[in-house]
Amino acid sequence: MIRQGNGFPIADHFDGLKYDFPTQNILLFAAGTGIAPIRSAIESGSLKLDTGRQARLYYGCRSPQEMAYAERFSIWEKEYGVQVVPVVSGDSAEWPGRTGYVQNALEEDGVAVARNTGVLLCGMKGMAEGVKDIVTKAGVFEGRVLTNF
């Protein structure tokens with residue numbers, strides 16, 4: 001169990017010999033202020049994206065104005081190789097991107113190779129539970145789904 005202030009034990013779950021298949025795909029999910037620890041995971045290098053891993057971040061908030069770190073999205077994509085999928089759940093007619101909830105966006109996109117996927121979630125409990133249900137049904141090993149709950 002992950003406790004507040006202890007951080008995410010990413011290496012223990014993504015890099016260990018616990019599974020026969022190496023983690024090559026990382027799915028990141030954040031809602032609201034949950035983006036702060038995800039930002040740390042991306043920028044710290046602890047996801048080891050320079051080893052050929054692929055990462056996709058689904059980040060949800062109510063409006064484009066509430067989207068923290070939006071100015072860093074292009075940096076995350078260019079310098080860290082993280083594909084950013086911002087999702088707005090509120091009524092925003094001017095928003096050209098994805099709408100709804102991050103779990104809906106995940107359902108639309110699917111999980112490419114579930115046995116080689118690790119998942120890191122930080123945000124509201126409902127979002128985390130919804131995403132965890134989708135990825136485990138897709139075949140992601142439950143031990144590779146890390147949440148802040």
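The values are calculated or read from the model by the stated rules, or taken from the named source; none is laboratory data. Keep in mind it's a predicted model, so treat the numbers as computed, not measured. Note: accessible area is taken over every heavy atom of the protein model, side chains too, but ligands, DNA and RNA are not part of it. Shrake-Rupley method; radii C 1.70, N 1.55, O 1.52, S 1.80 Å.
Could you state the accessible area per residue of the chain in Å², with a 1.4 Å probe and every protein chain left in place? Could the numbers behind the result be given before it?
Numbers: 7990 Å² over 149 residues.
Spelled out: the 1.4 Å probe surface of the chain, per residue, equals 54 Å².
Given a 1.4 Å probe and every protein chain left where it sits, what share in percent of the accessible area of the chain is carbon and sulfur? Please list the in-between numbers first.
On the way: 3870 of 7990 Å².
Of the solvent-accessible surface of the chain, carbon and sulfur hold 48 percent.
Kindly provide the Kirkwood hydrodynamic radius of the chain in Å, to one decimal, from all pairs of distinct alpha carbon atoms.
Details: mean 1/r = 0.0650 Å⁻¹.
So the Kirkwood estimate lands at 15.4 Å.
Give me, ordered by chain and number, the residues 5 or more places off Thr99 or on other chains with an amide H under 5 Å from its own placed amide H.
HN-HN under 5 Å from Thr99: Val88.
Just Ala55, Ala41, Ala70 to compare: in a GNM of the chain, with alpha carbon springs under 10 Å, which one fluctuates most?
Result for the chain, Cα springs under 10 Å: Ala70 fluctuates most.
Pick out which of Glu94, Glu66, Glu108 has the largest mean-square fluctuation in a Gaussian network model of the chain, springs linking Cα atoms closer than 10 Å.
Per the Cα network of the chain with a 10 Å cutoff, Glu94 tops the list.
Please give the calculated 222 nm ellipticity per residue for the chain, where each DSSP H segment of at least 4 residues contributes -39500 (n - 2.57) and the sum is spread over every residue; nearest 500 deg cm²/dmol?
-8500 deg cm²/dmol
Return the single residue from Tyr69, Tyr59, Tyr80 with maximal mean-square fluctuation; model: Gaussian network over the chain, springs between Cα atoms under 10 Å.
Per the Cα network of the chain with a 10 Å cutoff, Tyr69 tops the list.
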